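See structure below.
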Amino acid sequence: QVQLVESGGGLVQAAGSLRLSCAASGGIVSINAMCWYRQAPGKQREAVAGITSGGITNYVASVKGRFTISRDNAKNTVYLQMNSLKPEDTAVYYCAASQLGQNYWGQGTQVTVSS
């Protein structure tokens, strides 16, 4: 069973930056994609960014140019560098990973951007 633990959330002013981390541990065999999702109050969870084991990335349009996803395969860790944050980025951010056809989720970390 893979466990995912996020860290790095917090309160930041608009235009500020935060860096989220998500470390995977446990029954790791070969993690494929790692992704960041977010869920704002009253809204559905949405995919924010994803990265394959080979480093191919994709982003939702609203964060392109502001967020950067990266991963350290040796540490089984994925990062999300968030710059130029906006109040509408406020949400609980979740890390997700896929391995051997199964998806795993972290508990989430709160990101709050004040105007």
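The values are calculated or read from the model by the stated rules, or taken from the named source; none is laboratory data. This one's a predicted model, so the numbers in the text were calculated from it and none came from an experiment. All Cβ positions, glycine included, derive from the backbone under ideal geometry; neighbour counts span all protein chains shown. Quick note on the areas: whole protein, heavy atoms, side chains included, nothing else; ligands and nucleic acids left out. Shrake-Rupley method; radii C 1.70, N 1.55, O 1.52, S 1.80 Å.
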In the range 32-45, which residues are open to solvent by 50 Å² or more (accessible area, probe 1.4 Å) and among the charged types (D, E, K, R)? 43, 45
So residue 29, is it in contact (Cβ under 8 Å) with a residue 24 or more places away in the chain, out of contact with any Cys (no Cβ under 7 Å at 6 or more places or on another chain) and surrounded by 14 or more Cβ atoms within 10 Å (Cβ to Cβ): no
Search result, residues across the range 3-26 that are surrounded by 15 or more Cβ atoms within 10 Å (Cβ to Cβ) and charged (D, E, K, R): 6
Given the conditions (1) part of a loop (DSSP other than H, G, I, E, B); (2) over 18 Å from residue 24 (Cα atoms), every one holds for residue 53 apart from (2)
Collect the residues in the range 1-26 that are within 11 Å of residue 78 (Cβ to Cβ) and either of a type in the set (S, T, N, Q) or free of Cβ contacts under 8 Å to residues at least 24 places away in the same chain (or both), keeping them in residue-number order. 21
Kindly check whether there is at least one residue in the range 74-81 that is of a type in the set (Gly, Ala, Ser) and touching a strand residue (DSSP E or B) at 6+ places or on another chain (Cβ under 9 Å). no
Condition first: open to solvent by less than 40 Å² (accessible area, probe 1.4 Å), among the charged types (D, E, K, R) and within 20 Å of residue 17 (Cα to Cα). Can you find one or more residues in the range 67-81 that meet it? no
Buried (at least 21 other Cβ atoms within 10 Å of the Cβ), more than 14 Å from residue 2 (Cβ to Cβ) and not polar (S, T, N, Q) - does that describe any residue in the range 52-62? no
Read through the list (1) open to solvent by 30 Å² or more (accessible area, probe 1.4 Å); (2) farther than 26 Å from residue 113 by Cβ; (3) β-branched (Val, Ile, Thr), then give the number of the only condition that residue 90 fails. (2)
Check on residue 85, assigned to a loop (DSSP other than H, G, I, E, B), of a type outside the set (D, E, K, R) and surrounded by 18 or more Cβ atoms within 10 Å (Cβ to Cβ): yes
